[in-house]
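Take a look at the structure set out below.
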Amino acid sequence: MAASASPTIGPTIAALLSEDNRWVNEQRIEVSGGMAPQPNVPLAQRAAAMCRCSPTSRMPLDKYPVHAYAFIMSGGRSKPAVAPCLCDALRQASRAVSRLYDEELREVGLRTTQYSLLAWLRTAGEARQRDIEGLTSLDQSTLSRNLRPLVDAGWVAIRPGADRREKLIRLTDAGAAKLREARPSWERAQERMRSRLPTGQWSDLMGRLHELIRLVETE
């Protein structure tokens, strides 16, 4: 079990005491302006040495002018656990897929959420905000937050409708140009995802996701 932070241990040292007190090779600690290598020394022992006290001392460590820098720990990226909750599993999958799309879209200055919203606006034409919420399954606050940088960039325009409480949203010419610029990056992301799925599973997965959305939204 990972070590818990004591109220008497400062935040810098508490971070060092995490990770089950693992050993670190070629760790360096800056003490009184000097950098000293500390290979193969347990973190708890090093933390005690930093404040010139015993490991059982109750003196708060963050009272000392000491700065610690942790370099790369041993071990690679841990494999994500499979969530037993459907909602959590879908969110895990969404985050993983979004990272892949974001990698491709980064070169054109977009995130996958922004590209998707521009694409929905191209499909919808000028539409009421509530209609866009329905199309994208986004709530009002999330949609407003996602629209803000697109409006600031000049890719989306918003104007009041016949009812002043209503907002009409449309893709601008600059937004359409940005969408065309980003299309090749999006297509590369699509192809990377297709290549990771066995033959035939792409269409099956897309169909199941659309059906899931329909079932939930119609309750």
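For this structure, a couple of remarks:
- Criterion: over 22 Å from S98 (Cβ atoms), loosely packed, with under 15 Cβ neighbours inside 10 Å and at pLDDT 90 or above - qualifying residue of R196, R192, R170, R130: R130
- Residue within the stretch 163-180 that is free of Cβ contacts under 8 Å to residues at least 40 places away in the same chain, at negative phi, in contact with a strand residue (DSSP E or B) (Cβ under 7 Å, 6 or more places away or on another chain) and among the polar types (S, T, N, Q) present: yes
- From S185, S203, residue being assigned by TED's automatic domain parsing to the domain that holds L90, surrounded by fewer than 16 Cβ atoms within 10 Å (Cβ to Cβ) and part of a helix (DSSP H, G or I): S203
- The listed residue being at pLDDT below 90 and touching a helix residue (DSSP H, G or I) at 6+ places or on another chain (Cβ under 7 Å), out of L105, L61, L100: L61
- Tally of residues being over 17 Å from S94 (Cα atoms) and not hydrophobic (A, V, I, L, M, F, W, C) across the stretch 205-219: 4
- Restricting attention to the stretch 156-182 and to residues that are in a helix (DSSP H, G or I) and out of contact with any helix residue (DSSP H, G or I) (no Cβ under 9 Å at 6 or more places or on another chain), the residue that is nearest to A127 (Cα to Cα) turns out to be D173.
- Selection of the stretch 109-131 for residues being touching a helix residue (DSSP H, G or I) at 6+ places or on another chain (Cβ under 9 Å) and not in a helix (DSSP H, G or I) yields G109, L110, R111, A127.
- Residues located in the stretch 80-112, provided they are surrounded by 11 or more Cβ atoms within 10 Å (Cβ to Cβ), among the basic types (K, R) and under 26 Å from G175 (Cβ atoms): R106, R111
The values are calculated or read from the model by the stated rules, or taken from the named source; none is laboratory data. Everything numeric in this text was worked out from a predicted model, so none of it was measured. Because the Cβ atoms are built from the backbone with ideal geometry, glycine has one as well, and the counts that use them run over all protein chains shown.
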